[in-house]
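Worksheet: one structure, shown below.
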Amino acid sequence: MKRMPWLCGKSHQSMEIKPFTIGFTQKSAREFFTALKDAGVKRVVDVRLNNNSQLAGFSKKDDLPYFLKEIGGIDYVHLPELAPTQDILDAYKKRKGDWSVYEEKFLDLMARREIEKTIKPELLQQGCLLCSEHLPHHCHRRLVAEYLNAKWGGIEIKHLTEQKS
């Protein structure tokens with residue numbers, strides 16, 4: 001199915017948006033930064049609620065922007081408004097909730113926040129949505145990208161899940 005490209009505000013020129021997504025768990029620092037560089041990522045958009053993760057030392061809030069810039073010339077922005085609330089997260093992770101309930105609650109949250117009006121499409125062009133989950137299937141970064149595609153159209157999402165040695 002052909003998607004309609006997003007129209008840039010003032011110029012009305014069409015723009016197809018090609019964001020990436022990546023999770024940092026089950027990846028070494030080498031695999032993580034190489035995947036971003038090889039994909040041509042220009043900006044990592046951190047969509048974690050808490051960017052002080054203990055899961056991978058290189059992904060902590062004070063270290064990640066430095067490593068991204070030094071290793072790959074990649075910019076960093078943390079947008080917790082693209083993360084679930086602590087209550088939604090806890091219901092799914094800590095209380096072992098159902099994915100479909102989590103998905104419904106998170107999609108509703110994004111709609112109430114009207115993220116399609118507050119996030120600039122240019123932010124996602126060659127940008128990469130980051131969270132911790134290794135695969136996008138049960139991850140909110142995929143939901144963010146799909147939600148914005150449903151609102152804007154013209155988004156071609158690529159999940160960076162391949163591991164390289």
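A short reminder: the numbers here are calculations on the coordinates, not readings from a lab. The structure displayed is predicted, hence computed values, not measured ones. Virtual Cβ from ideal backbone geometry, glycine too; neighbours counted across all protein chains shown.
Helix-derived [θ] at 222 nm for the chain: sum -39500 (n - 2.57) over DSSP H runs of at least 4, divide by residue count, nearest 500?
Roughly -10000 deg cm²/dmol at 222 nm, from the helical runs in the chain.
What does the extension gain come out to for Lys93 and Asn50, with contour length at 0.36 nm per residue minus their alpha carbon separation?
14.1 nm
Connecting C-alpha atoms closer than 10 Å in a GNM of the chain, tell me which of Ser59, Ser28, Ser132 has the biggest fluctuation.
Comparing Ser59, Ser28, Ser132 in the GNM, the peak value goes to Ser28.
Where in the range 79-95 does the label zone of Glu116 land, with the point 7 angstrom along Cα→C-beta and an amide N cut-off under 15 Å?
none
Please go through the residue pairs Lys18/Lys61; Lys27/Lys96; Lys18/Lys42; Lys93/Lys151 and name each one whose alpha carbons sit more than 19 Å apart in this structure.
Over 19 Å apart, Cα to Cα: Lys18/Lys61; Lys27/Lys96; Lys93/Lys151.
Take every Cα-Cα pair in the chain and report what % of them are more than 30 Å apart.
Of all Cα-Cα pairs in the chain, 15 percent lie more than 30 Å apart.
Which far-off residues, 5 or more places away or on another chain, put their amide H under 5 Å from the one on Gly153, with H placed in the peptide plane?
Hits under the 5 Å cutoff: none.
If all Cα-Cα distances of the range 43-119 are sorted into 5 Å bins from 0 onward, what percent lands in each bin, rounded to whole numbers?
3, 15, 20, 20, 16, 15, 9, 3
For a quick check: sort His140, His134 by the number of other beta carbons within 10 angstrom, fewest at the front.
His134, His140
Taking 35 Å as R0, compute the FRET efficiency from the Cβ-Cβ separation of Asp63 and Leu123 and round it to 0.05.
Once rounded, the FRET efficiency stands at 0.95.
In the neighborhood of Leu68, defined by Cβ-to-Cβ distances under 15 Å, what is the net charge if each Lys or Arg adds +1 and each Asp or Glu adds -1?
That works out to +2.
Given the chain, what percent of its DSSP beta bridges are antiparallel, to the nearest 5?
Close to 10 percent.
About its Cα centre, what dipole magnitude does the chain give when the only charges are +1 on Lys and Arg Cβ and -1 on Asp and Glu Cβ, stated in debye to the nearest 20?
Computed about the Cα centre, the dipole is about 120 debye.
Towards the positive end of the charge dipole of the range 32-97, with charges on Cβ (+1 Lys, Arg; -1 Asp, Glu), say which of Val77, Gly97, Val47 has the farthest Cα.
Gly97
Springs between alpha-carbon atoms under 10 Å, Gaussian network over the chain: tell me which of Asp46, Asp90, Asp75 tops the mean-square fluctuations.
Comparing Asp46, Asp90, Asp75 in the GNM, the peak value goes to Asp90.
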